[in-house]
1. Relative to the longest principal axis of the chain, what angle (0 to 90°, nearest 10) does the C-alpha long axis of helix 15-29 take?
2. Pairing the Cα long axis of helix 89-98 with the longest principal axis of the chain, what angle in degrees results, from 0 to 90 and rounded to the nearest 10?
3. Would you mind ranking 94, 83, 183 by Cβ crowding within 10 Å, fewest neighbours first?
4. Out of these labelled values of Kirkwood radius over Cα pairs in Å, (i) 17.4; (ii) 19.1; (iii) 20.8, which was calculated from the coordinates shown here?
5. Using the per-residue mean of other Cβ atoms lying within 10 Å as a proxy for protection, in what order, highest first, do the peptides 161-170, 18-27 fall?
6. Rounded to the nearest 10 degrees, what's the angle between the helix 177-194 long axis and the longest principal axis of the chain, both from Cα atoms, 0 to 90?
7. Tell me the relative contact order for the range 2-194 as a rounded percent, counting alpha carbon contacts under 8 Å between residues six or more apart.
8. What does the helix-only formula give at 222 nm for the chain: each DSSP H stretch with n ≥ 4 adding -39500 (n - 2.57), the total divided by the residues, and the result rounded to the nearest 500 deg cm²/dmol?
């Protein structure tokens, strides 16, 4: 399978980077092809310009590459920290610029204006790993787990990717080396189970 792996964390020594490395190694051990993008390492520009908004415009080479890979991907893995209940700005910008009409979804003609989407991605599974400094219970009871809603409902379901899973690792700031190793072992097992 071709798997697209997107990482959004500025610190190369972060646990997010450790997750990304573990994911790539495990996928390759299973015989998969990996498209990997560290958005910060690439210096990905998250700003969607007005010139890029239209469906059939000529896109910058890097955006064309990301679009081609997301179309070809049979699985998608996103890795990022939870910042204010949202993905980091660089990742939000990646969504704006790459998960675009004509690439990831289209609107059905004659839908009476309500904007009914038709997903275009061929990926059958999307997996999100994210880190947080908020407990899972507080995330769900106080904040309503906005990351689950964003990724599952607003992005992947709209784009036709129906099998969605997410694993949040927390609380990172007080985690031990032993806990982090256990979490990385869990990442390996999740990859084996899904892919």
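Here, each number is a calculation from the coordinates, and none is a lab measurement. Being a predicted model, the structure only gives us computed values, none of them experimental. Glycine gets a Cβ as well: all are built from the backbone with ideal geometry, and neighbour counts include every protein chain shown.
1. Compared with the principal axis, the helix lies near 80 degrees.
2. With rounding to tens, the tilt is 40 degrees.
3. 83, 183, 94
4. Structure-derived value, by its label: (i).
5. Highest to lowest by the protection proxy: 18-27, 161-170.
6. Its long axis makes an angle of about 40 degrees.
7. Once divided by the residue count of the range 2-194, the mean separation gives 24 percent.
8. Rounded to the nearest 500, the figure is -10000 deg cm²/dmol.
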